[in-house]
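Structure first, commentary second.
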Amino acid sequence: MTRAIKATAAAATLGSARPKATTITPGQTEAELELWADGDGASTGFWECTAGTFTSAREGYAEVCQIVSGRVTIHTDGADSFELVAGDTVVLPDGWHGSWEIHEPVRKLYVIIPSASA
């Protein structure tokens, strides 16, 4: 039987915090709880990160993010920046490059969608 998965974003216990690999801000950490993965690259879960800035790229997949808490400015290389707060959604398509400037700790729900060519 295939079961549905239920989780509450604000109350979910994430994994241990670890250093953010692409940080520009020393001491920035991230944690994650993967809720589901299909084994072919699609997945969803919760992620959080402490204040600071890190570089980011989406290569071979797109990501849909729903901000649960916190405030972040998304800087897209060569394009305008915009701010996200709780309740906002952003789609980062395959090929997106930029940075996340986290003003206060952020928690998001993410959905990873592999590209057909990946």
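The values are calculated or read from the model by the stated rules, or taken from the named source; none is laboratory data. Since we're looking at a predicted model, the values are computed, not measured. Positions of Cβ are backbone-derived with ideal geometry, glycine not excepted, and every protein chain shown enters the neighbour counts. Just so you know, the surface numbers come from the protein's heavy atoms only, side chains and all, with ligands and any DNA or RNA stripped out. Shrake-Rupley method; radii C 1.70, N 1.55, O 1.52, S 1.80 Å.
Here are a few things to note about the model shown:
- Considering residues of segment 15-35 that are assigned to a strand (DSSP E or B) and of a type in the set (Val, Ile, Thr) only, the residue surrounded by the fewest Cβ atoms within 10 Å (Cβ to Cβ): Thr29
- Tabulated pairs, segment 81-93, first polar (S, T, N, Q), second surrounded by 12 or more Cβ atoms within 10 Å (Cβ to Cβ), C-beta under 7 angstrom, 6+ apart or interchain: Ser81/Thr73; Ser81/Ile74; Ser81/His75; Thr89/Val64; Thr89/Cys65; Thr89/Gln66
- Applying the set (1) open to solvent by less than 50 Å² (accessible area, probe 1.4 Å); (2) under 16 Å from Val90 (Cα atoms); (3) touching a residue at least 60 places away in the same chain (Cβ under 8 Å) to Ile74 leaves exactly one unmet item: (3).
- All conditions but one from (1) open to solvent by 70 Å² or more (accessible area, probe 1.4 Å); (2) in contact with a Lys or Arg (Cβ under 8 Å, 6 or more places away or on another chain); (3) assigned to a loop (DSSP other than H, G, I, E, B) apply to Gly95; the one that does not is (1).
- Which numbered condition Glu104 misses (of (1) open to solvent by 20 Å² or more (accessible area, probe 1.4 Å); (2) in contact with a Leu (Cβ under 8 Å, 6 or more places away or on another chain)): (2)
- Of all residues in segment 1-14 being open to solvent by 90 Å² or more (accessible area, probe 1.4 Å) and of a type outside the set (Lys, Arg), the one that is farthest from Leu33 (Cα to Cα): Met1
- Looking only at residues of segment 36-60 that are part of a strand (DSSP E or B) and open to solvent by 50 Å² or more (accessible area, probe 1.4 Å), we find that the one that is nearest to Val72 (Cα to Cα) is Glu48.
- Taken as a whole, the structure leaves Glu63 outside the set of residues that are under 14 Å from the mean Cα position of the chain (by Cα), assigned to a strand (DSSP E or B), without any contact (Cβ under 8 Å) to a residue 12 or more places away in the chain and under 23 Å from Ala116 (Cβ atoms).
- The set of residues from segment 66-84 being touching a Gly at 6+ places or on another chain (Cβ under 9 Å) and outside any loop (DSSP other than H, G, I, E, B) comprises Gln66, Ile67, Val68, Ile74, His75, Thr76, Ser81, Leu84.
- Residue among Asp80, Asp38 that is under 27 Å from Arg3 (Cα atoms) and modelled with pLDDT under 95: Asp38
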